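Heads up: the structure comes next, in structure tokens.
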Amino acid sequence: MSETLLEALRLLGTFDAKLMDIVWLSLRVSMTAVVAGAVIGLPLGAWLAVAEFPGRNALVVIVNGLMGLPSVVVGVVVYLALSRSGPFGSLGLLFSPGAMVIAQMMLVIPLMAALTRQTVEDAWRDYALEFRVMGFSRAQSVATLIHDCRHSLLVALLAGVGRAMSEVGAVMIVGGNIDNVTRVMTTAIALETSKGDLPLAIALGIVLMGVVLALNAGAFQVRRWAMRRFG
């Protein structure tokens, strides 16, 4: 076990080319999915927090339920949509990083939307009357609340990052786990462990945990700074 750990540390210390390729692809795919998911999920959640229409409660329940959507189900749906006989087969995205981004987006959007809705809805209860007095439209209210709650919404963003980077099933289905093309940290860890190549799997696991911890530490510092500055 000690030899395996030492070899994993050697791979990290020498910035092993294979390891770094997998890490950079993972970061590129997951961060693209999180940014794109935030563009859709944050406004959607904020809109649900302030909107009033028949069926709103049912839609909220659906969005909350989709937070636990099994990744393999998402993988199958995206696979069918992007396969040669699917509606988007002509795009040629199947077994590419683009397909993996789409799958991860489908996982992070409902998560971000649900967390954003709860955060913004709490703020809406406090400021709804002021917005009405000032004549704000729903769109203006949503934009203002997202801005005012931006530090609290870091939680939603971090949840999206964690969901995207820890995902295995969906990206395995739509990406194919192709070496040097679609092999990301989670799928590589699963593959290398099954092959018995534990040093690479351990090294990737350390990097994955390090990225998640670094992001959480950064968000924690941002929130502390915001609380000190804005109270």
Margin query: Using Cα springs under 10 Å in a Gaussian network model of the chain, which residue among Arg28, Arg132, Arg163 shows the largest mean-square fluctuation?
Written below: Arg132
Notebook entry, point to check: Rg(Cα) of the stretch 92-153 divided by 2.2 N^0.38 Å?
Noted result: 1.56
Next item on the list: Compute the long axis of helix 56-66 from its Cα atoms, compare it with the longest principal axis of the Cα atoms of the chain, and write down the angle in degrees, 0 to 90, nearest 10.
Entry: 10
Checklist line | Efficiency of FRET from Cβ geometry, Val133 and Asn180, R₀ 41 Å, rounded to 0.05 | finding: 0.10
Next item on the list: Would you kindly give the portion of the calculated P(r) for the chain that falls above 24 Å, as a percent of all Cα pairs?
Entry: 53
Notebook entry, point to check: So, in nm, how far is label Lys18 from label Ala51 when the simple model puts each one 7 Å beyond its Cα toward the Cβ?
Noted result: 4.8
Note to self: Please give the charge dipole size of the chain, origin at the Cα centre, charges +1 on K and R Cβ atoms and -1 on D and E Cβ atoms. Round to the nearest 20 debye.
What the structure shows: 520
Next item on the list: Compute the acute angle (0 to 90°) between the alpha-carbon long axis of helix 97-133 and the principal axis of greatest extent of the alpha-carbon atoms of the chain; round to the nearest 10°.
Entry: 20
Next item on the list: May I ask for the distance between the Cα centers of the stretch 142-178 and the stretch 204-226, given as a whole number of Å?
Entry: 14
Checklist line | Fraction in percent of alpha-carbon pairs per bin - 5 Å, the stretch 152-231 | finding: 3, 14, 19, 19, 15, 10, 8, 6, 4, 2, 0
Next item on the list: Calculate for the chain the 222 nm mean residue ellipticity that helices alone would give, adding -39,500 (n - 2.57) per DSSP H run of length 4 or more and normalising by residue count, nearest 500 deg cm²/dmol.
Entry: -26500 deg cm²/dmol
Notebook entry, point to check: Which residue, chosen from Pro87, Thr187, Leu44, occupies the Cα position most advanced towards the positive end of the dipole of the chain, where the dipole is computed from +1 (Lys, Arg) and -1 (Asp, Glu) charges on Cβ about the Cα centre?
Noted result: Leu44
Margin query: Within 15 Å, Cβ to Cβ, of Ala51, how many net charges do the neighbouring residues add up to if Lys/Arg are +1 and Asp/Glu are -1?
Written below: +3
Next item on the list: Would you grab the residues whose amide H sits under 5 Å from the one on Gly176? Only those 5+ places off in sequence or on another chain, please, with H modelled 1.01 Å from N.
Entry: none
Checklist line | Cα-based helix-to-principal-axis angle, 198-230 vs the chain, degrees rounded to 10 | finding: 20
Notebook entry, point to check: Over all distinct alpha-carbon pairs, what is the Kirkwood Rh of the stretch 1-126 in angstrom?
Noted result: 17.1
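All of the numbers you see were taken from the coordinates with simple rules; none came from a lab. Keep in mind it's a predicted model, so treat the numbers as computed, not measured. In this analysis, Cβ positions are derived from the backbone assuming ideal geometry, glycine residues included, and neighbour counts consider all displayed protein chains.
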